[in-house]
Amino acid sequence: MKTAQQLAAELVRPEIRAINAYHVAPATGLIKLDAMENPYRLPEAVRAELGRALADVAINRYPDASGAVVKTALRDTATLGIDARHALILGNGSDELIQIVATTLAKPGATMLAVEPSFVMYKANAMLAQMRYAGVPLRADFTLDTDAVLAAIGREKPALVFLAYPNNPTGNLFPLADIERIVAAAPGLVVIDEAYHPFAQVSFADVLDAHPNAIVMRTLSKLGLAGIRLGYAFGDPAWIAEFDKTRPPYNLNSLTQATALIVLRHADMLNEQAARLRRDRDALIESLRAMEGVEPFPSAANFVLTRVADANATFARMKGAGVLVKNLHGWHPLLSNCLRLSVGTPDENAAMLQALQPAA
Ligand code: PMP
């Protein structure tokens, strides 16, 4: 009888055999500034309200498969600016929506295109969906090389393009006019990934009606709700209807749906937290600029990409001092000696700066 190991070696797709599972760095006991989470927890009163609401959820039943009540709550949240003409789809995090969109458009031979460096799950999902993948490098300062993207679109004719606005891990916001040129030239669907929308305060949603081949994707993760896994995307109902066919029927569990309803009633509080993080991000960039041998890049997100002299050594020293950030050295040639610093509370940011460059 063959062992499970032998069978797996024989049967699992070779490209999946070749990769490792997504690694999440252990953070116990460390100040966690590696994953762009919101450092602020819900206020006591909201937690109590949430506790009561969650106690009432009928978890013996399957969740509402359509997520209709959550969709209405998202539409009713004015700051999200979701137009009544657009349909909505909900995902178990926007990670799942990336997978759903890729699966839906993965005709044999179809290509996905993205800029690099960008969010790693785009390329990962091209592989999972068996799409061809074309990466177009950003310029050395991480600005968008629009002509190179347009040339690649002409060459590759991608069925699907992902553009993060602002981009992760670089933090910058590509010019809206350039994104519109790319969307206008693309023969396929362009997903504008606005995961960092609360910190950018601009949105492609404002011009979505002019672009039938684009949809906007967002997440509640960076708004203080990373733990509930709720992403959403909106656009022309013709797109959303197709994506709904590849969405697992009960992808949004009842506790997530109930939590979203309660917390969205307190959208003002979330927006205030985001405003605070924007101010603290700008202060963090100022402090980094004043440091010798440290080069922060502009950010419209809740993190700051920063080049240092020796990222491996700095990362290790910061971890030794109790601060976990993300070391991007080795991820992409353009990211050499780069660290990604999430914005935390003022105390956490001070500890991070101290660990980054201890006073002599
Ligand atoms: N898009 C971008 C650009 C991201 O940076 C992230 C998370 N880091 C995601 C999507 C996925 O977010 P989530 O699955 O938590 O919604």
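The values are calculated or read from the model by the stated rules, or taken from the named source; none is laboratory data. Keep in mind it's a predicted model, so treat the numbers as computed, not measured. Cβ: placed from backbone, ideal geometry, glycine included. Neighbour counts: every protein chain shown. In case anyone asks, the SASA skips ligands and DNA or RNA and just uses the protein heavy atoms, side chains included. Shrake-Rupley method; radii C 1.70, N 1.55, O 1.52, S 1.80 Å.
Considering only residues of region 107-143 that are among the β-branched types (Val, Ile, Thr) and farther than 20 Å from Arg340 by Cα, which is surrounded by the fewest Cβ atoms within 10 Å (Cβ to Cβ)? Show your work before the answer.
Step one: filter region 107-143 for residues among the β-branched types (Val, Ile, Thr), giving 111, 115, 120, 136, 143.
Narrowing the set further to residues that are farther than 20 Å from Arg340 by Cα leaves 111, 136.
Numbers: Thr111: 22, Val136: 20.
Only one residue fits best here, namely Val136.
Considering region 208-232, and only residues there that are within 14 Å of the ligand (Cβ to nearest atom) and touching a His at 6+ places or on another chain (Cβ under 9 Å), the residue that is most open to solvent (accessible area, probe 1.4 Å) turns out to be Lys222. If you go through region 277-331 and keep only what is in contact with a strand residue (DSSP E or B) (Cβ under 7 Å, 6 or more places away or on another chain), among the charged types (D, E, K, R) and either open to solvent by less than 70 Å² (accessible area, probe 1.4 Å) or in the same structural domain as Ser203 (by TED's automatic domain parsing) (or both), you end up with Arg281, Arg307, Lys326. With respect to the conditions (1) over 30 Å from Gln130 (Cα atoms); (2) open to solvent by 50 Å² or more (accessible area, probe 1.4 Å); (3) within 16 Å of the ligand (Cβ to nearest atom), Ala45 falls short on a single one, namely (3).
For region 152-169, how many residues meet the condition of being open to solvent by less than 50 Å² (accessible area, probe 1.4 Å) and either away from the ligand (no atom under 16 Å from the Cβ) or farther than 19 Å from Ser94 by Cβ (or both)?
Narrowing region 152-169 to residues open to solvent by less than 50 Å² (accessible area, probe 1.4 Å): 152-154, 156, 158-169.
From what is left, the residues that are either away from the ligand (no atom under 16 Å from the Cβ) or farther than 19 Å from Ser94 by Cβ (or both) are 152-154, 156, 158-159.
Selection size over region 152-169: 6.
Counting only helices (runs of 4 or more DSSP H) wholly contained in region 243-360, the ones carrying 2 or more residues that are within 25 Å of Met217 (Cα to Cα) occupy 254-264, 267-289.
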